[in-house]
1. For residue 296, only one of the following conditions fails: (1) closer than 26 Å to residue 165 by Cα; (2) surrounded by fewer than 15 Cβ atoms within 10 Å (Cβ to Cβ); (3) modelled with pLDDT of 95 or more. What is its number?
2. Of the numbered conditions (1) surrounded by 15 or more Cβ atoms within 10 Å (Cβ to Cβ); (2) modelled with pLDDT under 95; (3) more than 27 Å from residue 230 (Cα to Cα), residue 107 fails exactly one; give the number of that condition.
3. Could you count how many residues in the stretch 219-248 are polar (S, T, N, Q) and in contact with a Lys or Arg (Cβ under 7 Å, 6 or more places away or on another chain)?
4. Among the strands (runs of 3 or more DSSP E) confined wholly to the stretch 192-289, which include 1 or more residues that are open to solvent by 40 Å² or more (accessible area, probe 1.4 Å), within 29 Å of residue 305 (Cβ to Cβ) and touching a helix residue (DSSP H, G or I) at 6+ places or on another chain (Cβ under 8 Å)?
5. What number goes with the only condition from (1) open to solvent by 70 Å² or more (accessible area, probe 1.4 Å); (2) out of contact with any Leu (no Cβ under 9 Å at 6 or more places or on another chain); (3) without any contact (Cβ under 8 Å) to a residue 40 or more places away in the chain that residue 154 does not pass?
Amino acid sequence: LPVLVLVAIALRNASLGDANPVVVQQGASAAGFMTTVSKEQFGAAMLGFLTYRLPLFLSQLSPVIKESAGGLLPGSAGVAMQMAQKAKEKSAAAASASPTPFGENLVPVLLICGPPGTGKTSLITKLIQEDKEQRFVLPKLVDRVADGASFERLENRGEFLQLDSSGRLGLTKEAILNAAPSTTTASTAEDDDASSSTTKQVVVVDANVDLAKKLVSSLSGARLVGVWIGLDSLDKFESRLNIQLESGDLVIPADETKESFMRAKIREIVQDIEYGVVSGIFEFTILNDEFDESLSKLKNAAEYCFK
């Protein structure tokens, strides 16, 4: 291509006669017609050619340079570049292999959270009882009495996410991630084929706000589907706290009055509600004023775990 351009320039200059910018010596052969091209014209032609060819050339060399640059660099610089290239490739491979937030490799966890007194535990119990396919399970807690050695080992390692009010039962990350394996159910004789079906199970976590924070920050390998259970007024919270006091579920400490105790509880509830609003982890909010309606909403939210 540059030769053709130069030939065209030479022919044009030759046709200009006396206006030729380059004076051709007498007796010049036909083969020497390229002498009619000036240095400026030659440089401009070659520069135009390189302007579009050089980027193409470099783009073709780029993969080779990336692979071989580490070997070309001397000493520790070459080793460092090779290590960086391998790390980049490993990171890219891991990113492509890792599941998406809604990937099949993530364990679905139905995180049901809310302040105390909202009735979330009763809703969870009913959800599990009424699911005929037994798709919802609770994590298995470690019992201090039944398995004292394991409990002590986990407690010493600080692996418990939460202990119950008695301090006997402890919840771990592994208990959540391993609570809901897929179960295979054999087909019945009425089926047309002998294939088996796989029922996907989901672990349900009854969480207060402190536990929810721990799960969000440390439970890798899980897809959290958050459901917030609340009430629509602080008066209703106070009313339910009074019911718990009367039933003995809540006990006022000896060094507090009922008024100071209630104020402290309401303050904690307000802080919990603030977290529920601003955390952004709860896709569903249920105001538990009417139990059956709230249960229906919870069932609809739970179905999201299977999508």
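The values are calculated or read from the model by the stated rules, or taken from the named source; none is laboratory data. Please read these numbers as outputs of a predicted model, since none were measured by experiment. When we count neighbours, we look across all protein chains shown, and the Cβ atoms used for this are built from the backbone with ideal geometry, even at glycine. Ligands, DNA and RNA are excluded from the accessible area calculation, which covers all protein heavy atoms including side chains. Shrake-Rupley method; radii C 1.70, N 1.55, O 1.52, S 1.80 Å.
1. Residue 296 satisfies all of (1) closer than 26 Å to residue 165 by Cα; (2) surrounded by fewer than 15 Cβ atoms within 10 Å (Cβ to Cβ); (3) modelled with pLDDT of 95 or more except (1).
2. Condition (3) is where residue 107 drops out.
3. 0
4. Filter on the stretch 192-289 gives 202-207, 222-230, 282-287.
5. All conditions pass for residue 154, except number (1).
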